[in-house]
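Input: a single structure, listed below in structure tokens.
The values are calculated or read from the model by the stated rules, or taken from the named source; none is laboratory data. Small disclaimer: the values here were computed from a predicted structure and weren't measured. So basically every Cβ, Gly included, is an ideal-geometry build from the backbone, and we count neighbours across all protein chains shown.
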Amino acid sequence: MHARVSIDYVRDDHLPVILVHGLGMSSRYMIPLAKHLAPHLRVYAPDLPGFGLSDKPPRALTVRELADALAAWMHEVGVQRAAFVGNSLGCEVLVELALAYPQLVDRLVLQGPTPDPEARGIIRQIVGFFFIAPFERWSLAWVALADYARSGIRRYILTLRSMVDNRIGEKVLRVVQPTLVVWGTRDYIVPYEFVARLAGTLPRGRLAVIPSVAHGINYSHPEAFTAVLLPFLLAPRETPVAQGLTPAIGAG
């Protein structure tokens, strides 16, 4: 797997953070957020298999297989435990990772998590992208087109099918790691009711709402996103045992 890694000096007592891109995208989509986080944390931004500059498997991987590949990549590069920030499809991959490899995951940020069970149709998801376009940075369109061309439309559609069939709302019931759900008020792909319910269902979930931003906050509004992320990411780390013993539910 190809990955971008920050080179800024940071304190050793903070966990690294791994940024996981959305459907059809690559680590280029995460660069604006990575630049804002790099002065504070060591940042990794991988390209999931089939996307960006990573190898292209002969078939599209499922959400679970993408999580398996992410775990294998962490072992390869020597990252034993990390905080994670996912966008869209990346959120689904991270929930799978937290369930299958809990020892790797200290905490999670799910930004614009998909799919809403009331809007799981492929057409509904695609239409949502057109509604949010006016609220994103225009340069995101060029990044997206280049990344989509690199991965190919067939892989995009097959991965989208796995994504919309994935029942994240049921799976988060078993996620014990502290989790911050982040939503922008102009995200017309992911309804507020869904993210609020997701945050309330997570055993240790919280919800943060950022006004006047859409689905690609990590690219279009990294300053606002970083302001929400840093208090959560820089909070004292917890042991895996402590995570399992002190469940709490909150929203705000």
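Of the listed requirements (1) of a type in the set (S, T, N, Q); (2) surrounded by fewer than 19 Cβ atoms within 10 Å (Cβ to Cβ); (3) under 13 Å from L110 (Cβ atoms), Q177 misses just one: (2). Residues of region 109-120 include none that is small (G, A, S), at pLDDT 95 or above and not in a strand (DSSP E or B). Inspect region 24-37 for any residue being touching an Asp or Glu at 6+ places or on another chain (Cβ under 7 Å), modelled with pLDDT of 95 or more and over 24 Å from V190 (Cα atoms) and give the result as yes or no. The answer is yes, given that some residue of region 24-37 is touching an Asp or Glu at 6+ places or on another chain (Cβ under 7 Å), modelled with pLDDT of 95 or more and over 24 Å from V190 (Cα atoms). Are any of the residues in region 88-97 over 16 Å from G24 (Cα atoms), in a loop (DSSP other than H, G, I, E, B) and not basic (K, R)? No: region 88-97 contains no residue that is over 16 Å from G24 (Cα atoms), in a loop (DSSP other than H, G, I, E, B) and not basic (K, R).
Okay, residues lined up against (1) under 11 Å from V182 (Cβ atoms); (2) at pLDDT below 90; (3) touching a helix residue (DSSP H, G or I) at 6+ places or on another chain (Cβ under 6 Å); (4) among the small types (G, A, S):
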{"position": "A199", "(1), (2), (3), (4)": "yes, no, no, yes"}
{"position": "L207", "(1), (2), (3), (4)": "yes, no, yes, no"}
{"position": "I217", "(1), (2), (3), (4)": "yes, no, yes, no"}
{"position": "A224", "(1), (2), (3), (4)": "yes, no, no, yes"}
{"position": "E238", "(1), (2), (3), (4)": "no, yes, no, no"}
{"position": "G244", "(1), (2), (3), (4)": "no, yes, no, yes"}
{"position": "P247", "(1), (2), (3), (4)": "no, yes, no, no"}
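Are any of the residues in region 70-83 part of a helix (DSSP H, G or I), β-branched (V, I, T), at pLDDT 95 or above and within 21 Å of R4 (Cβ to Cβ)? Yes, there is a match, as at least one residue in region 70-83 is part of a helix (DSSP H, G or I), β-branched (V, I, T), at pLDDT 95 or above and within 21 Å of R4 (Cβ to Cβ).
Inside region 148-158, can you point out the residues that are in a helix (DSSP H, G or I) and out of contact with any helix residue (DSSP H, G or I) (no Cβ under 7 Å at 6 or more places or on another chain)?
Here is the first cut: in region 148-158, the residues in a helix (DSSP H, G or I) are 148-151, 153-158.
Matches in region 148-158: A149, R150, S151, I153, R154, R155, I157, L158.
Determine, yes or no, whether R161 is free of Cβ contacts under 8 Å to residues at least 40 places away in the same chain, among the basic types (K, R) and farther than 22 Å from R204 by Cβ. Considered against the rule, which asks whether it is free of Cβ contacts under 8 Å to residues at least 40 places away in the same chain, among the basic types (K, R) and farther than 22 Å from R204 by Cβ, R161 comes out as yes. Return a yes/no flag: does region 88-104 have any residue that is over 25 Å from L173 (Cβ atoms) and modelled with pLDDT of 95 or more. No, that holds for no residue. Cβ-Cβ distances below 9 Å connect the following pairs, each with a first residue in region 4-17 that is surrounded by 15 or more Cβ atoms within 10 Å (Cβ to Cβ), a second residue that is of a type in the set (D, E), and a separation of six or more residues or different chains: R4/D47; L15/D106. Any residue in region 162-173 that is in contact with a strand residue (DSSP E or B) (Cβ under 8 Å, 6 or more places away or on another chain), surrounded by fewer than 20 Cβ atoms within 10 Å (Cβ to Cβ) and of a type in the set (A, V, I, L, M)? There is no residue in region 162-173 that is in contact with a strand residue (DSSP E or B) (Cβ under 8 Å, 6 or more places away or on another chain), surrounded by fewer than 20 Cβ atoms within 10 Å (Cβ to Cβ) and of a type in the set (A, V, I, L, M).
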